[in-house]
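S.K.: Structure below; questions to follow.
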Amino acid sequence: MFDFDINFIAFFLSGVLAFIIGVLWYHPKVLGTRWMEVRGVENEDIKPSPLPFIASFFLWTLAACFYAFLAFFLGIDNAAGYFCLSCLLWVAFSMPPTMMGALYTGYPFEAVAIDTSYQLAGYYAFALVHIIFLYI
């Protein structure tokens, strides 16, 4: 059996940070207003619900857990390795399905750019937290 040495605090904090980035990213004063404009959504069309926040928090934490597992499994132990892992995961598994879905559904390209760049920022948050934990 494998002996996993995963820093649970690091993966939890990286999930929290990615979630917080999303709250800021889609804030109306950052990219939220533009995102709604290109999607053709009005503020009145949005029904406030805690579900998207709860689901996003859970899913970012889950992704952070798998990120920590992959980093451990691949033996990543430096900043360059963590940032490369973030980029590779985004290029291979996050951005392509989002782009393909947009092509089939007609989702506006600018909204896709906002969404996928947020995903990359989340992966970079994972890397940043793990790098910080390398040095503390």
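Quick note: the coordinates plus some simple rules give every number you see, no bench work behind them. If you're wondering where the values come from, they're calculated on a predicted model, not measured in any experiment. Neighbour counts are summed over all protein chains in view; Cβ atoms, including those assigned to glycine, are modelled from backbone coordinates with ideal geometry.
S.K.: Please give the length that would be gained between residue 62 and residue 136 if that part of the chain were fully extended, namely 0.36 nm times their separation in residues minus their C-alpha to C-alpha distance (nm, one decimal).
M.R.: Working: separation 74, 0.36 × 74 = 26.64 nm, distance 2.37 nm.
Contour length minus Cα-Cα distance gives 24.3 nm.
S.K.: Report the extension gain between residue 92 and residue 120 in nm, rounded to one decimal, defined as 0.36 nm multiplied by the number of residues separating them, less their alpha carbon distance.
M.R.: Working: separation 28, 0.36 × 28 = 10.08 nm, distance 1.15 nm.
So the extension gain works out to 8.9 nm.
S.K.: With Cβ to Cβ distances under 14 Å as the rule, what net charge do the other residues near residue 133 carry (K, R +1; D, E -1)?
M.R.: Numbers: positive: none; negative: 5, 77.
Counting the neighbours of residue 133, the net charge comes to -2.
S.K.: Near residue 45, within a Cβ-to-Cβ distance under 14 Å, what is the net charge of the other residues, with Lys and Arg +1 and Asp and Glu -1?
M.R.: Details: positive: 39, 47; negative: 37, 42, 44.
Charge balance in the 14 Å sphere: -1.
S.K.: At 222 nm, what value in deg cm²/dmol follows for the chain if DSSP H runs of at least 4 each add -39500 (n - 2.57) and the sum is divided by all its residues, to the nearest 500?
M.R.: Working: 6 runs with 97 residues, N = 136.
Theoretical 222 nm ellipticity from helices: -23500 deg cm²/dmol.
S.K.: Find the centroid of the Cα atoms in the stretch 1-44 and in the stretch 64-136, then give the distance between the two in whole Å.
M.R.: 12 Å
S.K.: Taking every eigenvalue of the Cα gyration tensor of the stretch 64-136, multiplying by 5 and rooting it, what semi-axes result, largest first, whole Å? Show your work: numbers first, answer last.
M.R.: Numbers: eigenvalues 155, 27, 13 Å².
Semi-axes (√(5λ), whole Å): 28, 12, 8.
S.K.: For the chain, what is the relative contact order in percent, using Cα pairs closer than 8 Å and at least 6 residues apart in sequence? Walk me through the numbers on the way to the answer.
M.R.: On the way: 119 pairs, mean separation 57.1, N = 136.
That works out to 42 percent.
S.K.: Next question. Name the longest site-free stretch of the chain, where the excluded sites are chymotrypsin sites (Phe, Trp or Tyr not before Pro) in a DSSP loop with no more than 14 other beta-carbon atoms within 10 Å. Please report the intermediate quantities before stating the final value.
M.R.: Working: sites that count: 2, 4.
So the longest stretch without any such site is 5-136.
S.K.: Taking only Cα atoms, what is the 0 to 90° angle, nearest 10, from helix 8-25's long axis to the longest principal axis of the chain?
M.R.: On a 0 to 90 degree scale, this one is about 20.
S.K.: Report, to the nearest 10°, how far helix 109-135 tilts away from the longest principal axis of the Cα atoms in the chain, using its own Cα long axis and a range of 0 to 90°.
M.R.: 20 degrees
S.K.: Quick one: net charge around residue 101, please, counting Lys, Arg +1 and Asp, Glu -1 for every other residue with C-beta under 14 Å from its C-beta. Display every interim value, and only then the final one.
M.R.: Numbers: positive: 39; negative: 115.
Its environment carries a net charge of 0.
S.K.: Okay, next question. May I have the pair-distance distribution P(r) for the stretch 8-135, computed from all Cα-Cα distances with 5 Å bins from 0 and rounded to whole percent?
M.R.: P(r) for the stretch 8-135, in whole percents per bin: 2, 11, 18, 21, 19, 13, 8, 5, 2, 0.
S.K.: Given +1 on the Cβ of Lys and Arg, -1 on the Cβ of Asp and Glu, and no further charges, what dipole in debye does the stretch 8-135 carry about its Cα centre, rounded to the nearest 20?
M.R.: 140 debye
S.K.: Can you give the angle from 0 to 90° between the axis of helix 51-73 and the longest principal axis of the chain, with both taken from C-alpha atoms, to the nearest 10?
M.R.: Roughly 30 degrees, rounded to the nearest 10.
S.K.: Moving on to the next point. If you wrap the stretch 1-70's Cα atoms in a convex hull and average its projection over all directions, what's the area in nm²?
M.R.: On the way: hull surface 24.4 nm².
The number I arrive at for the stretch 1-70 is 6.1 nm².
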